[in-house]
Each structure stands twice: as structure tokens, then as C-alpha cells.
1. Can you compute log10 of I(q)/I(0) for the stretch 213-327 with the Debye formula, treating each Cα as one identical point scatterer, at q = 0.15 Å⁻¹?
2. Can you give the extra length, in nm with one decimal, that the chain gains between VAL226 and ASP107 once fully stretched, where that is 0.36 nm per residue apart less the Cα-Cα distance?
3. Could you check what % of the DSSP bridge pairs in the chain are antiparallel, to the nearest 5?
4. Helix 373-386: angle to the longest alpha-carbon principal axis of the chain, degrees 0 to 90, nearest 10?
5. Suppose every K and R has +1 on its Cβ and every D and E has -1 on its Cβ; what is the size of the dipole of the stretch 262-497 about the Cα centre, in Debye to the nearest 20?
6. Between SER399 and GLU345, what is the label-point separation in nm under the 7 Å Cα-to-beta-carbon projection?
7. Angle between the Cα long axis of helix 147-159 and the longest principal axis of the chain, 0 to 90 degrees, nearest 10?
8. Pick out, from ILE200, THR172, VAL348, the residue whose Cα sits farthest towards the positive end of the charge dipole of the chain, with +1 on the Cβ of Lys and Arg and -1 on the Cβ of Asp and Glu.
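Please treat every number below as a calculation from the coordinates, not as lab data. Since we're looking at a predicted model, the values are computed, not measured. Cβ sites come from the backbone with ideal geometry, for glycine too, and all protein chains shown count toward neighbours.
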Amino acid sequence: MSEVILHAEKIDKSFVGTHAIDHVTLDFYKGEIHALIGENGSGKSTFTSCLTGIYHKDSGTFTLLGKEVNAKNQVDGNYQGVAIIVQETGTLSGLTVAENIFLGKEDEFTKFNVKNTKAMNKKAQELLNSYGFDYIKATDIIDKYNFEDRKLIEIVKATYFKPQVLIVDETTTALGEKGRKELFKVMKDVKDDGRCVIFISHDLDEVLEQSDNVSVLRDGEYIDTVKSSDVTTDDLKKLMVGREMSGNYYRADYGEPISDEVVLRGEHLTVPGEIEDFSIELHKGEIIGIGGLSECGMHEVGKALFGASYDREGTVTTADGTQIKDIKTAIDHSIAYASKDRSTESLVINDTIQDNITLPSLEDIKRNHILHAKDERAFAEKYAKQMSTKMVGVHQFMSALSGGNKQKVVLARWIGKNSDIIILDSPTRGIDIRVKADIYQMMDKMRKSGKSIIMISEEISELLGMADRIIIMKDGRQNGEFLRHEGLKDTDLIAKMV
């Protein structure tokens, strides 16, 4: 057995009404990739947030190479030898790439209270180049880059100073194939250097492929640690949920007729640098899957159809002839959209669960043009509970929820709105296996009731399992289309992606 690099002793953390971590004791070793898994709200992110200074633990100790770690914040955690790549956006808008990489460490480039910006930019560009990210420019404002590129910048930010322990918290859900390869390479480099990676992911196949050992948390408690080579994904599922669980979440039907009624039509949609001359027709009661590599343009399609792309060309038209040119018109005409980037585009993080769920439905909740607090609370509670959101109550702030529970709130909002057309971008990103099954069942129930869904996904199994029709994109254009049938294989889709 390798030498222990990090020892966690009886770590305890509570929020108001919730015991998030219950006296967890764990060892992590040098030269190890140690996966930490569990359902949404099991305490994974809370545990690592206590280590890195995002949260302050209530009791217990972290000991790194014989020295206690008691980080006051993330920068302090970095100086004590721990770093984290967070699940949601971890960069700050309005700053340059270089300023984000060296945020909190500007003193490295400051002399006599004067910051040497040129030296900082030069060092940042050297780091980006060394990681193979030379197309990212240190002097650019970070808002120029998409969600995935910003994650790559976070990788540089979290690892350039060689932390003893690197936490990767659901980062792969934000990355395409290229980005994942880069991240896994960095993780292997940390391991080979005799340091440690704590890897959090809901993709259990990925967990077994990348990790040496797996520890399981359930409801804030430590359950077990197993060798990755000794277990299967079904073994992990049982440890996570406490019982046997089937992996068959998807639709079992094939060859069901699709209505001729077109409910949404996008024609010649173009967004400079993202999509070009893309057209689509969505039928009543149909699930269309849109897939491809992360940079193919598929995520922009959802925004374009929802009226959220400000420089969009082409037209989006509903069945009654209404032109969708902005978000308000889309919502007023029963179109819903859940973005891949939930923290900045789908939720108001510094507001309550209640306000987030009720936001698009306030007019529907009113009685005699008056909004009653009791009705608003009852509405939010109904749909939060329907999505099994783990919370103290609907008055709780979004910022206190795990990533998966934030996603549940996004979906609860649009279920409550009862929209007829639902655009879901990466709907199961950061969602645990049990809730994935619930979401797929919900989608199937929606289509059977006549609702229409566009599901944008980087998960091929999800596309094959749920869609009536699959559109594959490449370089901003449609590059293939497949109808649902039992003989359709992942290799058929991949051939059109690359």
C-alpha cells in the first residue's frame, strides 16, 4: 500500500436543517486517482468543498502529508496544497484569461504595489501553450470563450502550481471528447508524479476506467471503499442506493408512428461561428435528439430555437405562424429551454428554490390578478418534490444545493410551467443514476401526452435510448439523420460525428 497523502478524520458539516456530511473518515494515497461517488446530495461536493475552503467544516480534521489543512478559502487552500476544479463555472466574467488563472496570486507579479501585467500575460500564455491550449489567448476577456474552453482554463488555473491533491468535481460533464482527453491526461500526470486526484463523477463507466479506488457516500455518511478493478457498475449502483438497481432506463418501443403535425420549425438558422444553415421540424409527441462532438454547434441550436441567440439569422416559427425572435415570445408560446450551463443561463443562483421554480409561471399562479405567497409556495413545493429535490425547503437558496439538485430545480420549473415544447440541453448532466431514470420516464410520459421534446446530448446511449429521430451535427451543420430502430448502433452515430 502506498503512503497516505491525505487523511480526513470525522469530517462533519451541517447546513440549516441538513446534515450534509456526518463524521466521514477517509484516507487518500500518493500516486492514486480516488473516485468519490454517491447520489445527488450524498455529500461528495460538500466534503471536498470543506477541504478546499469553499465551506468551513463544523468539526474534524484534514491532514496533508502530516500537516493539518484548514483552508479559509480556495486561494488559501491552494497555498496549503489542495486545488479544485468545480462542477459549475469557476471563472469570473469581465476578467482576462490571465487574470482568472492567477486570481488571488497577483502578488507573484507585483513589485512595490505595481502589477506587471505584461509578465503575468506572458506566464499565462506559456502555461496555456504547455497544456496544448495555445488557441486560447491570455490577454482575451474570458467571456469570449465558451463553457468548455473556460473549463480548460480552470484546469490550468488549478494545476499549474502542482497541488498535492487535485479535486475534479463533475468536470467531465462540461467537456467534450477532446476536453475529456486533456483532463484525463492531467489527472494521469498528477498520479504519475506521486500526488493524488479525488475524482467525482456520475458516469460510473468513466469512474471505473479512470480510478484506482472508489469510495461511496450515501446521505452524508461513508459507506465503503472498493478497488475499481474488483467491481462492476452494478456493484457501485447498489452501494450508492442501498439496493439492486436495473440499468435499463430507456424506452423499449420501436417503430411508433410520429404525428404529421409540425409544432416548431427552424429554417436556415445561422449563428456566426456556431451554426450554419441549420433547419429542423419538430412534430407533436416527438423526441428529437441532437448529438455530435462538443464543439459541433449543437448547444447553440437550443438557444437559437428559444430566441436566445442575439445574432441569429433564419426563422423559428410555431404551428400558429408566430415568429420566435426573443425569449419572452418563446415562453408565451409554450416553449421551455433548459441550458447546459445551468448556473449562469438557467438559474438565479443567489435566489431561492421557490423563486427559481415559479419565475416563468407567476401569471399562471395569480388569482384575480393577485399573487398570493401561499399559492407561490405550494406551487414550488409541488414541483420540487415531484423532482425529488433534496432541500431544507423551497425557501433555501440555490447556491446551497448540489449540482444535481440544481438541475432538478431547472426541470421542476418547466414541468410546472407545463410547456408544450421542451428544449433540453444536456438534461442529465451531473445527475445520479436514480434521477436519470426518473427524467427519462418523465420525458416518455411527456411525449405520450402530446408534448414535443428536443434533447441535445453528448451521451450516445441517451440519444439511442430516448429519441424518435437523431440529428448529428458536425462543424455547425447537420451531418446525418437517423430514425429510431432497434438495429441502430453507436458506431452509426459516431461515423457522422468525426
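1. For the stretch 213-327, the Cα-only Debye profile gives -0.78.
2. Gain on extension, VAL226 to ASP107, equals 38.6 nm.
3. Antiparallel bridges: around 55 percent, rounded to the nearest 5.
4. It works out to around 80 degrees.
5. 1020 debye
6. 2.3 nm
7. With both axes taken from Cα atoms, the answer is about 10 degrees.
8. VAL348
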